[in-house]
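Colleague: Provided herewith is a single structure, encoded as structure tokens, for subsequent inquiry.
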4 protein chains.
Amino acid sequence: MEDVIINFLKDVKLRNPILIQGLPGVGNVGKLAVDYMKDELKSIKFADIISKYFPPQVLIDHDGTIRLVNNELYYYKHSGSGKGNDLIMVVGDYQSLTPEGQYELADRIIRIAKNMNVKRIYTLAGYAHNDINKNIIKIWGATNNKTLIKEMEKHGVIFKRDDYTGSLVGASGLLLGIGLQYGIDAVCLMGETSGYFIDPKSAETLLKVFIKILGINLKFENLQKKAKEIDKITQKFQDIEDENKEDKDILNYFA
Amino acid sequence: MEDVIINFLKDVKLRNPILIQGLPGVGNVGKLAVDYMKDELKSIKFADIISKYFPPQVLIDHDGTIRLVNNELYYYKHSGSGKGNDLIMVVGDYQSLTPEGQYELADRIIRIAKNMNVKRIYTLAGYAHNDINKNIIKIWGATNNKTLIKEMEKHGVIFKRDDYTGSLVGASGLLLGIGLQYGIDAVCLMGETSGYFIDPKSAETLLKVFIKILGINLKFENLQKKAKEIDKITQKFQDIEDENKEDKDILNYFA
Amino acid sequence: MEDVIINFLKDVKLRNPILIQGLPGVGNVGKLAVDYMKDELKSIKFADIISKYFPPQVLIDHDGTIRLVNNELYYYKHSGSGKGNDLIMVVGDYQSLTPEGQYELADRIIRIAKNMNVKRIYTLAGYAHNDINKNIIKIWGATNNKTLIKEMEKHGVIFKRDDYTGSLVGASGLLLGIGLQYGIDAVCLMGETSGYFIDPKSAETLLKVFIKILGINLKFENLQKKAKEIDKITQKFQDIEDENKEDKDILNYFA
Amino acid sequence: MEDVIINFLKDVKLRNPILIQGLPGVGNVGKLAVDYMKDELKSIKFADIISKYFPPQVLIDHDGTIRLVNNELYYYKHSGSGKGNDLIMVVGDYQSLTPEGQYELADRIIRIAKNMNVKRIYTLAGYAHNDINKNIIKIWGATNNKTLIKEMEKHGVIFKRDDYTGSLVGASGLLLGIGLQYGIDAVCLMGETSGYFIDPKSAETLLKVFIKILGINLKFENLQKKAKEIDKITQKFQDIEDENKEDKDILNYFA
């Protein structure tokens, strides 16, 4: 089979689309934020991404039906006329577990973005560090185009670091790096988090900044519920991981 | 060499074939069930699958002859006329140890199924969880086609979950997921098991439900013997795994 | 670069060649035996195999010159006329560390053998088990062609097992398994060993049986020296492995 | 995407170019030496190498802008006329983490060197061993062409070993080994180091020998500053590595 398979479910024409990605990661801040936004905007799925870079796994729903673990693309058409931006949202169960897969999947998503005439990408993520002031969650930014910094700073995103700030590992960073190769502007927005548990407070703070940047509205009353839903699923994944760690016996690994 | 090599030993014409897979996994329930069924039905081998996704290993028989570890395809022709189903059984020493190999092998088996005009797939597996009532082993189901649930439930298979039930890892799940991509209906049937030892009781309970679904007969008097046989072989594999874990010295790893 | 690169150093015409492989493995029995035989017979190198499946490493000689880790092919022309067999010997620093590499390298060696019209292959190896009678080292055999067993048994090689004997992991086994795919007869001869240290006693016992099978002569007075030489080199490799285990810091891993 | 992508930023014509590589490794001696030399000579970047063999990671600069982790090629044109050598310097954030990637990247750099008509390669590295006389740091050499030894020995580089000296793991060694395949002379120069911390003293000693070999001048007053700069960055990388070791939870692995 091909390394990465994109199943397009419908042909979509979007106006000035922006691509937004939120995948599992630190404190699941990015995943929660984009999953929630996708639901609240009643976005519509238009493509599935399956890949041998994801775990060899299917998910079982309450009624006993299954689907392959995947990433999914949703779109949202803004209701206004003219210059507004339609949105493409990338969400998913997993990031690739291998470096090669990370690069391949980021490259494929960037090429989809290019084909759909996307001019800007946002990746949403968590930023784990130790001395967090829990009352004031800061939103940090990183970008592949310096000229975007001012616009983001107006909304309170922090770009300047006193110190060399290391690196972004995984899909949130790679979309910026590979986006740069393809000439697509991209910004990563990170909500501070302790990182150990799913962090709806960080996701909400992040989203509140983000919707101002996008110029859209969003209600937050269902965010806690969404957080619990994601937490339950990822806890299941975690249990599988833990079992696999304890019990590497190949004969017991697979169902 | 090619990543996956299918050696067809004979050209087989089957009527309305159903594909049944049982590979090593939790409690070896699926492997024992399908290996046993294959033997009892005096099924005939028609293809070998060898692959670089399997361990680099040959098995030595009592007389000192060897064969590569592999997966094998058997067929069984139903004796009745008309509308019955012939059977294809997929059995083997190992599942692939890498995600990529899992996807590739599942994809190849699905394509063989497609070529042979298979309309339905069953994967048999174990379902490990903690609070098992050892006197009443339940048979759980999962499927890639909701319309099959009713038919399965008639035979006592449980599909509805109170809770999000996580996932199926490995070949039992992937055949359903990739089957869905190719439009082939597939059901996974799982016998509850503690999962630590080979579980002939779970396999027997599973098979008794399964033969009702298939509408065939099977005697169970040799199941314990088959369980011991598989246990002995997999115990050997386990010893090799354990040695490798303890002693990663490359110079001592290989024979 | 290509996955496996064969550098042929000269064009060799051999009569009725037999291929003999001895690579690092349990107790280094096979490596010591074939390295020693190669030296004693004053065999001539005719090909190098380099590959990305080997460790990314060069070896430094006493004078400061380097070479890539590799496998090497030597030939020996028998002095008699007529029906005797010329020999091809496969020796090397390492086996591939990945399953994929194991399969690819075995496949390439088998194809070289096929091209050179090899009709029989011997792989020499160690067989580690617990209750060894150190005074009587047994030589065990395994083969991909049942009809060879009698011939080997005449020379004291043991093929029959009371029990299922598990498996051969690595190149010694794969040459038999893949040889079977290409229709080349192959035998693995294994000297019993404790497996923890290089075992010249096992290698000598193995060689004494093997030269009778081949019908050639060999002196053994330099075997201890060869064992020490190999031990020193592999001990160096082992040190590198150990360092890597302790200190996975990427910044200190590479020279 | 391609496994290795070379982005040439400008078309460069060089006279008698020598290629010099210094990548992260033991005590970061080679990286520090070549990074420093590159800066001091005010060398100019002419190519980026990005690859799926590097970690899936972007680096964030003080102002919040990012770039993919990469290797980079710089050139320096010697000011004199006639027979002097221009220099190509290969520096970078990481070496490939996989054997396959190590081979592929070394092969690509050698092919670039071949295309640019490079006749000689130097790789600079650290040499970790226990009994170092900290007052007299020795510079060890290894080469793929015996005839270069005398020239190097004139400058105090030690080639002769009493003992089998094991091996060079990683890019410093592979450029020599693969260079040999392509017929390009190559020398590895190694400064003794304890290997646990970045070692500016070893780098300085190494560079002082190296600039005599090259016949160029270099001031060393900024070396300590460069060492601290590299140490800070690599410490960040180390923190990420450590976090990943402790916390393999896939959901928290990525930002």
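The values are calculated or read from the model by the stated rules, or taken from the named source; none is laboratory data. Predicted model, so just to flag it, every value in this text is computed and none were measured. Because the Cβ atoms are built from the backbone with ideal geometry, glycine has one as well, and the counts that use them run over all protein chains shown.
Colleague: Every residue in region A:122-139 that is surrounded by fewer than 24 Cβ atoms within 10 Å (Cβ to Cβ) and closer than 29 Å to residue A:69 by Cβ, please.
Modeller: A:128
Colleague: Identify, by number, the condition in (1) within 20 Å of residue B:169 (Cα to Cα); (2) away from chain C (no Cβ under 14 Å); (3) out of contact with any Asp or Glu (no Cβ under 8 Å at 6 or more places or on another chain) that residue B:95 doesn't meet.
Modeller: It fails just one condition, (2).
Colleague: Could you grab me the full set of residues in region A:6-25 that are crowded, with 23+ Cβ neighbours inside 10 Å and either within 14 Å of another protein chain (Cβ to nearest Cβ) or under 15 Å from residue A:105 (Cβ atoms) (or both)?
Modeller: Result: A:19, A:21, A:22, A:23, A:24, A:25.
Colleague: Out of all the residues in region D:115-138, which are part of a strand (DSSP E or B) and either more than 14 Å from every other protein chain (Cβ to nearest Cβ) or of a type in the set (Val, Ile, Thr) (or both)?
Modeller: Result: D:120, D:121, D:123.
Colleague: Only one of these is within 14 Å of chain C (Cβ to nearest Cβ) and under 18 Å from the mean Cα position of the chain (by Cα): B:3, B:107, B:48. Name it.
Modeller: B:48 is the lone residue from the list that is within 14 Å of chain C (Cβ to nearest Cβ) and under 18 Å from the mean Cα position of the chain (by Cα).
Colleague: So, in region C:73-84, how many residues would count as being surrounded by 18 or more Cβ atoms within 10 Å (Cβ to Cβ), modelled with pLDDT of 95 or more and of a type outside the set (A, V, I, L, M, F, W, C)?
Modeller: 3
Colleague: So, one more: Kindly indicate whether any position in region A:60-69 is touching a residue at least 12 places away in the same chain (Cβ under 8 Å) and under 14 Å from residue A:5 (Cα atoms).
Modeller: yes
Colleague: Looking at the structure I just gave you, is residue B:156 within 21 Å of residue B:32 (Cα to Cα), within 8 Å of chain A (Cβ to nearest Cβ) and of a type outside the set (Lys, Arg)?
Modeller: no
Colleague: Checking the structure you have, find out if any residue of region D:81-90 is over 12 Å from the mean Cα position of the chain (by Cα) and within 30 Å of residue C:100 (Cα to Cα).
Modeller: Within region D:81-90, not a single residue is over 12 Å from the mean Cα position of the chain (by Cα) and within 30 Å of residue C:100 (Cα to Cα).
Colleague: Need at least 3 residues that are over 30 Å from residue D:6 (Cβ atoms) per element, so show me which helices (runs of 4 or more DSSP H) inside region A:145-223 make the cut, counting only ones lying wholly within it.
Modeller: It comes to A:149-153, A:200-214.
Colleague: For residue A:83, all conditions in the list (1) closer than 23 Å to residue A:4 by Cβ; (2) away from chain B (no Cβ under 14 Å); (3) of a type in the set (Lys, Arg) hold save one; what is the number of the exception?
Modeller: All conditions pass for residue A:83, except number (1).
Colleague: Before we move on, is residue B:112 under 30 Å from residue C:170 (Cβ atoms), at pLDDT 95 or above and in contact with a strand residue (DSSP E or B) (Cβ under 8 Å, 6 or more places away or on another chain)?
Modeller: So residue B:112 fits the description; yes.
Colleague: Within region D:26-41, is even one residue at positive phi and either surrounded by fewer than 22 Cβ atoms within 10 Å (Cβ to Cβ) or among the basic types (Lys, Arg) (or both)?
Modeller: Checking region D:26-41: not a single residue is at positive phi and either surrounded by fewer than 22 Cβ atoms within 10 Å (Cβ to Cβ) or among the basic types (Lys, Arg) (or both).
Colleague: What residue, of C:60, C:50, is at pLDDT below 95 and in contact with a Leu (Cβ under 8 Å, 6 or more places away or on another chain)?
Modeller: That would be C:60, the only listed residue that is at pLDDT below 95 and in contact with a Leu (Cβ under 8 Å, 6 or more places away or on another chain).
Colleague: Looking at region A:90-108, can you tell me whether even one residue there is of a type in the set (Val, Ile, Thr) and modelled with pLDDT under 95?
Modeller: Checking region A:90-108: at least one residue is of a type in the set (Val, Ile, Thr) and modelled with pLDDT under 95.
Colleague: From the list A:24, A:56, pick out the single residue that is touching a helix residue (DSSP H, G or I) at 6+ places or on another chain (Cβ under 6 Å), under 18 Å from residue B:166 (Cα atoms) and touching a residue at least 40 places away in the same chain (Cβ under 8 Å).
Modeller: A:24 is the lone residue from the list that is touching a helix residue (DSSP H, G or I) at 6+ places or on another chain (Cβ under 6 Å), under 18 Å from residue B:166 (Cα atoms) and touching a residue at least 40 places away in the same chain (Cβ under 8 Å).
Colleague: Please state which one of C:204, C:221 is away from chain D (no Cβ under 14 Å), out of contact with any His (no Cβ under 8 Å at 6 or more places or on another chain) and surrounded by fewer than 16 Cβ atoms within 10 Å (Cβ to Cβ).
Modeller: C:221
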